[in-house]
Every structure is written in C-alpha cells, then in structure tokens.
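Notes follow once the structure below has been shown.
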Amino acid sequence: MSSGLHLFLELTTLLFFLVVVAHALVLRGRDGAWLMGSMLALGFVRENCVALYHWLYRFADLHLHLGAAPLITAIIWGYSIYIAICWAESVCGEAVCGDSLETRRASPRLLAALGVFMIALVGFYEPFLELVDMAKWQDGTRRTLGVPWIALVGYPTLSVPFVAGWCHIMRRHRGRARLAWMTVFVVTLAFGHAWGLQWLKGVLGW
Amino acid sequence: MRWLPVALLATMLGIALVIEAVAYPPVQWLPKLPLAVLLTLPFVLAATRARRHAAGRRDRAETEP
C-alpha cells in the first residue's frame, strides 16, 4: 500500500503545486513567475544538498525525481512558502508583490506572520511524512509529538530570509543583473541553510 | 481567488487527516491544531471586515439627510 500511497501523494502535491504556480502567474504576472522560479530553484538546490551530503534526513524511494532528490521535496518548499506569503498578506493587509509592483516589500510584520505560519506547518508535515514513511530524520533526532525540534527552526529560517532577500533583489536590480543576483542568493541560501541546520543540530544535540 | 492557495492547503490537510484516520489511526490532532487555527484566520478576518464595512455603510445612510 505504501508505494501506491506515495504515488498518490506525489501526484496530488504536484497538481496542487501547478495550481499555485498558475495562481501566482495570474495574480502577480512577471513577479509571480520570478517568485515561483526562484522558489523552485531554492527547493531543488536545498533538497539535492540534503540528498547528496546525507544531511538531516533520508528520503523514501519515491517515484518522481528532480536530480538526486524526490520531486515532491523540491516543489514543497515553493508551494509552502507561496501559501505562507498569501496567508500573511491576507492577515496583514499588505502585498509582497503583484497588484502594485512598486511595493515588492516585506514588512517586519509580514515576515513575522510568515515565520509563524511556517512553524505551524511543521506540525502538519513532519509527523505525517514520518508516519507514511516518506522522510526519516537521522537517528537520535529530538522531537515532541512527532515534531523534530530542529524543523521548528528550519522552516522559518529558510522562508523568512528568502522572502526578504527576494524582495530586496527584485526592487534593486533589473535584467541580467537580477538573474545573476537571484542565482547567487538562492544557491547560497539553499546550501547554507541545509549545511547550517545540520551544524546547528549537531551543536545543540537535537 | 486570492485565498485559493490557503484553501488548497486546507484541502491537503483534510486529505492527510482522512489517510491518517483510515490507514494509521488514531489521528494525531495536537500538532496539526496550530495550522488548522491559522488557516481559518484570513476567512474570519475577511468576514469581520465585511461586517464592519456593512455597519459603516448603514451608519452613513442613517446620518445622511
């Protein structure tokens, strides 16, 4: 049953991700394309680092792959962060980008809301992924109610700096300079986050 | 339309709850509770704003000569 369930979850997540991409393109235009493209790259680099260097957790043998990591893990970051942005925008009454392009700003209030939402998301994703055997954290990982402590740090520390940095680059740069800065930023953040979280996990003994 | 992604995540949470209830009972409610509460927040706030708008319009209509 596990393999069939895995395929169902992979395809459902892919479908939902495509709907979210369409939402970003329709509502935010080119900014939406930049946002989703950057987040897909972020997820791809980060999860491939985790898979290649054997950091943090190991993946089940899933059906769809993007590089060395399962596709679902690469797209889930973009999917989750985009939903967190939409949620924070509606709660704070602000827009990160889209309706008025000159905004492209993320206020401290919006970033705080985003972080809180991502922390709440840990309680849904992590125990469920462990339960259906899609991801398994390293032996000895400390957790409460199936929630790894380190994930409570990991989710907001990837999403909040990403959104703040993304807004900064989109506001400051145009054309090829924007692409270059965005590439450097995304790759550095993705690699640095995976490495940093593994390091922190070791230091804290979590 | 703006709320579609939030509604999608709520659907995903519902699917996970059904899978957990059927294949891996009992359902672990507690870790999911914070997210479930946060997901309702935009809808609650929108309803509150709409009620406040309607009350404002009613007040203005009553005070206008």
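The values are calculated or read from the model by the stated rules, or taken from the named source; none is laboratory data. Since the structure is predicted, the reported quantities are computational estimates derived from the model, not experimental observations. Note: ideal-geometry Cβ built from the backbone for every residue, glycine included; neighbour counts use all protein chains shown.
Some values worked out for this structure:
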read-out: Any hit, the range B:17-29, residues being more than 23 Å from A:Phe128 (Cβ to Cβ), of a type in the set (A, V, I, L, M) and surrounded by fewer than 11 Cβ atoms within 10 Å (Cβ to Cβ); value: no
read-out: Residues within the range A:142-201 that are part of a helix (DSSP H, G or I) and within 20 Å of A:Trp55 (Cβ to Cβ), tallied; value: 29
read-out: Residue under evaluation B:Val27, criteria (1) outside any helix (DSSP H, G or I); (2) closer than 19 Å to A:Tyr82 by Cβ, criterion not met; value: (2)
read-out: Filter pass, A:Gly140 being over 24 Å from A:Val187 (Cα atoms) and at pLDDT 95 or above; value: no
read-out: Residue that is modelled with the lowest pLDDT, among those in the range A:19-38 that are away from chain B (no Cβ under 11 Å) and exposed (fewer than 14 other Cβ atoms within 10 Å of the Cβ); value: A:Arg30
read-out: Residue match in the range A:161-168 (condition: within 29 Å of A:Ser2 (Cα to Cα), of a type in the set (Val, Ile, Thr) and modelled with pLDDT of 95 or more); value: no
read-out: Residues located in the range A:126-153, provided they are on the phi < 0 side of the Ramachandran plot and touching a residue at least 40 places away in the same chain (Cβ under 8 Å); value: A:Val132, A:Met134, A:Ala135, A:Lys136, A:Trp137, A:Gln138, A:Thr141, A:Arg142, A:Pro148, A:Trp149, A:Ile150, A:Val153
read-out: Residue among A:Leu18, A:Leu52 that is touching a strand residue (DSSP E or B) at 6+ places or on another chain (Cβ under 9 Å) and part of a helix (DSSP H, G or I); value: A:Leu52
read-out: From A:Ala60, A:Ala88, A:Ala41, A:Ala68, residue being in contact (Cβ under 8 Å) with a residue 24 or more places away in the chain, out of contact with any Pro (no Cβ under 9 Å at 6 or more places or on another chain) and away from every other protein chain (no Cβ under 14 Å); value: A:Ala41
read-out: Given (1) crowded, with 16+ Cβ neighbours inside 10 Å; (2) over 19 Å from the mean Cα position of the chain (by Cα); (3) closer than 20 Å to A:Leu40 by Cβ, number of the condition A:Trp206 does not satisfy; value: (3)
read-out: Test: residue in the range A:118-133 that is of a type in the set (Asp, Glu), surrounded by 20 or more Cβ atoms within 10 Å (Cβ to Cβ) and either within 14 Å of chain B (Cβ to nearest Cβ) or part of a strand (DSSP E or B) (or both); value: yes
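Here's the yes/no breakdown for (1) closer than 21 Å to A:Ala120 by Cα; (2) aromatic (Phe, Trp, Tyr); (3) within 8 Å of another protein chain (Cβ to nearest Cβ):
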| residue | (1), (2), (3) |
| --- | --- |
| B:Trp3 | yes, yes, yes |
| B:Leu17 | yes, no, no |
| B:Tyr24 | no, yes, yes |
| B:Lys32 | yes, no, yes |
| B:Leu41 | yes, no, yes |
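Here is a yes/no grid of residues against (1) part of a helix (DSSP H, G or I); (2) closer than 28 Å to A:Gly4 by Cβ; (3) under 11 Å from the mean Cα position of the chain (by Cα):
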| position | (1), (2), (3) |
| --- | --- |
| B:Ile15 | yes, yes, no |
| B:Lys32 | yes, yes, no |
| B:Leu38 | yes, no, yes |
| B:Leu41 | yes, no, yes |
| B:Ala61 | yes, no, no |
